[in-house]
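S.K.: Below is one structure. I have some questions about it.
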Amino acid sequence: MNTIISTRGLTKTYGRVHALDGVDLEVQAGQVHGFLGPNGAGKSTTIRILLGLARRTGGEASVFGLEPWRDAVQIHRRVAYVPGDVSVWPNLSGGETIDLLARLRGARTGDASYRAERERLMTAFQFDPRKKGRAYSKGNRQKVALIAALAVPAELYILDEPTSGLDPLMEVAFRDEVQRLRRTGATVLLSSHILSEVELLCDRVSIIRAGRIVESGTLAELRHLTRTEVSFEASSADVLAGIAAAHDGTIEEGRARFTVDSDDLPAVLPVLARQAVTGLRIEPPSLEELFLRHYGDDLGPSTGSGTRSDSGPTRRERRHQEARS
């Protein structure tokens, strides 16, 4: 497979704050790649560098084999981007804004194919294009960006918290669109903190913490790092005594429950078969469990002397640092 996005040892500092501290990320062609981490972990900073909106401090970054800061114009011709916080022109209608953004990406907005796709997306997202931008809620501003990005074909879609502000029904519409992109062979980098969304959509996942990738792989590859829950009908805890690999065994409401390291599960199943258990249920570990393995109760990035801050640099500090770099 062709590598679309690649970073090696990518760093970004704002004064003494290390926003990125050696990010290694690789996204292959045709993948929907989940980029996970809470606010402040470094997701948006990484994306800004990939788009050529911020200059890396160190390490390497490439998109389509091009250097983002130097080749931003060439990259943007092939990329559709949706940020998590969308601003629109207050005096333009939603439809006018979508058409303007489409023209900036080279679309001929008078073509029948574009008009049909635009109309399809507006229907899918239940969007009224006649209102002025000043009247739109956060969710409707997000719809403007999504429709503009999806209405014009791209090789790479970079989506940074794209469902921020959308209601659950519109989140379903978004998932349908990502599945459609997958079928067309497009590549998607999906930054999100909604774990169920990533689990449903993504071929591979990378988890970022304090400016570093701490896990990366397919969900199947990563699930061996967490425990599987096993339960079955039972009235006594004695049935758990013969299962050496069991952890945290309990009896609740007539069911025995325990967890087992996922790699040990094949050895446990014959033991359960010999006990002739009934009502057996095996729950594979979720992405949430894998995520919490790295973040636990503290879902903010770690802080330390000159390493990270929960809030990161202010907008003014970022502009100052970018001007200096």
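S.K.: Can you tell me how many residues in the range 122-144 are among the polar types (S, T, N, Q), surrounded by fewer than 19 Cβ atoms within 10 Å (Cβ to Cβ) and touching a residue at least 24 places away in the same chain (Cβ under 8 Å)?
M.R.: Final tally of qualifying residues: 2.
S.K.: Given (1) touching a strand residue (DSSP E or B) at 6+ places or on another chain (Cβ under 8 Å); (2) under 27 Å from L36 (Cβ atoms); (3) surrounded by fewer than 18 Cβ atoms within 10 Å (Cβ to Cβ), where does S87 come up short, assuming only one miss?
M.R.: Among (1) touching a strand residue (DSSP E or B) at 6+ places or on another chain (Cβ under 8 Å); (2) under 27 Å from L36 (Cβ atoms); (3) surrounded by fewer than 18 Cβ atoms within 10 Å (Cβ to Cβ), the lone unmet condition for S87 is (1).
S.K.: Against the condition surrounded by 15 or more Cβ atoms within 10 Å (Cβ to Cβ), in the same structural domain as M170 (by TED's automatic domain parsing), over 28 Å from V172 (Cα atoms) and of a type in the set (A, V, I, L, M), how does A61 come out, does it pass?
M.R.: yes
S.K.: Have a look at L156, L121 and point out the one that is of a type outside the set (D, E) and out of contact with any Lys or Arg (no Cβ under 8 Å at 6 or more places or on another chain).
M.R.: L121
S.K.: Looking only at the range 175-192, filter to residues that are out of contact with any Gly (no Cβ under 7 Å at 6 or more places or on another chain) and over 26 Å from P129 (Cβ atoms); which one of those is surrounded by the most Cβ atoms within 10 Å (Cβ to Cβ)?
M.R.: Looking at the filtered set, the residue picked out is L189.
S.K.: Across the range 175-195, what is the total count of residues that are more than 18 Å from K143 (Cβ to Cβ), aliphatic (A, V, I, L, M) and either at pLDDT below 95 or assigned to a helix (DSSP H, G or I) (or both)?
M.R.: Result for the range 175-195: 1.
S.K.: Identify the residue in the range 90-121 that is without any contact (Cβ under 8 Å) to a residue 40 or more places away in the chain, part of a helix (DSSP H, G or I) and over 10 Å from A151 (Cα atoms) and, among all such residues, is farthest from the chain's Cα centre (by Cα).
M.R.: Per the criteria, the residue is A112.
S.K.: Sticking with this structure for a sec: Kindly evaluate V172 against the criterion of being within 15 Å of the chain's Cα centre (by Cα), in a helix (DSSP H, G or I) and either among the hydrophobic types (A, V, I, L, M, F, W, C) or crowded, with 21+ Cβ neighbours inside 10 Å (or both).
M.R.: no
S.K.: Which condition from (1) among the small types (G, A, S); (2) closer than 30 Å to R8 by Cα; (3) surrounded by fewer than 19 Cβ atoms within 10 Å (Cβ to Cβ) is the one that A210 breaks?
M.R.: (3)
S.K.: Sticking with this one: Out of the residues in the range 213-228 that are buried (at least 17 other Cβ atoms within 10 Å of the Cβ) and at pLDDT below 85, state the one that is nearest to R274 (Cα to Cα).
M.R.: Residue satisfying both the conditions and the ranking: T228.
Per-residue answers, yes or no, for (1) farther than 14 Å from I282 by Cα; (2) assigned by TED's automatic domain parsing to the domain that holds L36; (3) of a type in the set (D, E):
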site: H193; (1), (2), (3): yes, yes, no
site: E197; (1), (2), (3): yes, yes, yes
site: L200; (1), (2), (3): yes, yes, no
site: S206; (1), (2), (3): yes, yes, no
site: G211; (1), (2), (3): yes, yes, no
site: S235; (1), (2), (3): yes, no, no
site: D248; (1), (2), (3): yes, no, yes
site: V260; (1), (2), (3): no, no, no
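S.K.: List pairs: first in the range 147-170 and under 17 Å from T184 (Cβ atoms), second of a type in the set (K, R) and surrounded by fewer than 20 Cβ atoms within 10 Å (Cβ to Cβ), Cβ under 7 Å, 6+ apart or cross-chain?
M.R.: Within 7 Å, the pairs are V152/R105; A154/R78; E155/R78; L156/R78.
S.K.: Please enumerate the residues belonging to the range 261-275 that are at pLDDT 85 or above and hydrophobic (A, V, I, L, M, F, W, C).
M.R.: A267, V268, L269, V271, L272, A273
S.K.: Still on this structure, I have one more. Please go through (1) within 26 Å of E289 (Cα to Cα); (2) crowded, with 16+ Cβ neighbours inside 10 Å; (3) touching an Asp or Glu at 6+ places or on another chain (Cβ under 8 Å) for L201 and return the number of the only condition it doesn't satisfy.
M.R.: Result: L201 passes all but (3).
S.K.: If you don't mind, there's one more thing I want to ask. Is the range 145-158 home to any residue that is more than 30 Å from K12 (Cβ to Cβ), among the β-branched types (V, I, T) and buried (at least 19 other Cβ atoms within 10 Å of the Cβ)?
M.R.: yes
S.K.: Can I ask one more? Wholly within the range 25-82, which strands (runs of 3 or more DSSP E) include no fewer than the required count, namely at least 1 residues that are among the hydrophobic types (A, V, I, L, M, F, W, C) and within 14 Å of the chain's Cα centre (by Cα)?
M.R.: Of the strands (runs of 3 or more DSSP E) lying wholly inside the range 25-82, those with at least 1 residues that are among the hydrophobic types (A, V, I, L, M, F, W, C) and within 14 Å of the chain's Cα centre (by Cα) span 32-36, 79-82.
S.K.: Going by what's in this entry, would R308 be described as in contact with a Gly (Cβ under 8 Å, 6 or more places away or on another chain), assigned by TED's automatic domain parsing to the domain that holds R56 and modelled with pLDDT under 80?
M.R.: It is true that R308 is in contact with a Gly (Cβ under 8 Å, 6 or more places away or on another chain), assigned by TED's automatic domain parsing to the domain that holds R56 and modelled with pLDDT under 80.
The values are calculated or read from the model by the stated rules, or taken from the named source; none is laboratory data. As the structure is a computational prediction, the values presented were derived from the model and not from experiment. Positions of Cβ are generated from backbone atoms using ideal geometry, with glycine treated the same way; all protein chains shown enter the neighbour counts.
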